[in-house]
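J.: I'd like to ask some things about the structure below.
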Amino acid sequence: MNWLQKLPGFTRSPPGLEWALWKKLPWIALAGTALPLACVALAWLAGPAAPTPADERSLTQWFYMAIGVVLLHWALLLTVAIGCVIVMLMKGPAFVADGYAVQHTDRPGSATSDPVHEKN
């Protein structure tokens, strides 16, 4: 049994912005992850050799903010990726399922209505 039959005569839509974004997502993910962590690493290396507790607290706060920015970036990236996949699927070939008789129609008693309400 063929579960997914392509709809005959359906023309696919041309690829658009979704494919351009999809191809750039790995680089966007890498840049969005590396940039905040590089800023924290630079602040850590540029800090004093013998940091005071206030300096350590400040660097720790920057580290936590960088983690928050990276996690937010990943969440936004996942959202964009899901959107790209949805648009790709919608632009892909159309499939048709097997038809079946509908229980309720505009014309009760017709051939497609349920047998309980059919006239004998």
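J.: Could you list, in sequence order, all residues of segment 63-82 that are under 22 Å from LEU17 (Cβ atoms) and surrounded by fewer than 13 Cβ atoms within 10 Å (Cβ to Cβ)?
T.: Within segment 63-82, ALA75, LEU76, LEU78, THR79, ILE82 qualify.
J.: State all residues of segment 9-63 that are β-branched (Val, Ile, Thr) and under 22 Å from the mean Cα position of the chain (by Cα); if no residue qualifies, say none.
T.: ILE28, THR33, listed by residue number.
J.: Scanning for something over 19 Å from VAL87 (Cα atoms), part of a loop (DSSP other than H, G, I, E, B) and touching a Leu at 6+ places or on another chain (Cβ under 9 Å), does segment 32-44 turn up at least one residue? Can you show your working first?
T.: First, the residues of segment 32-44 that are over 19 Å from VAL87 (Cα atoms): 32-44.
This time we only want the ones that are part of a loop (DSSP other than H, G, I, E, B), so: none.
Checked segment 32-44: no residue is over 19 Å from VAL87 (Cα atoms), part of a loop (DSSP other than H, G, I, E, B) and touching a Leu at 6+ places or on another chain (Cβ under 9 Å).
J.: While we're on this one: Between residues in segment 34-62 that are more than 26 Å from HIS73 (Cα to Cα) and residues that are in a helix (DSSP H, G or I) and of a type in the set (D, E, K, R), which pairs lie under 8 Å by C-beta distance while being six or more apart or on different chains?
T.: GLY47/ASP55; PRO48/ASP55
J.: Between a residue in segment 6-19 that is farther than 12 Å from PRO93 by Cα and any residue that is in a helix (DSSP H, G or I), which pairs come within a Cβ distance under 6 Å, given they are 6 or more apart or on different chains?
T.: Between residues of segment 6-19 that are farther than 12 Å from PRO93 by Cα and residues that are in a helix (DSSP H, G or I), the close pairs are GLU18/CYS84; GLU18/VAL87; GLU18/MET88.
J.: Using the structure shown, decide if LEU4 is in contact with a strand residue (DSSP E or B) (Cβ under 7 Å, 6 or more places away or on another chain) and not acidic (Asp, Glu).
T.: The answer is yes for LEU4.
Each value in this text was obtained by applying a stated rule to the coordinates, not by laboratory testing. Values in this document were obtained by computation on a predicted structure and should not be read as measured data. A quick note on method: Cβ atoms are made from the backbone with ideal geometry, for glycine too, and the neighbour counts reach across all protein chains shown.
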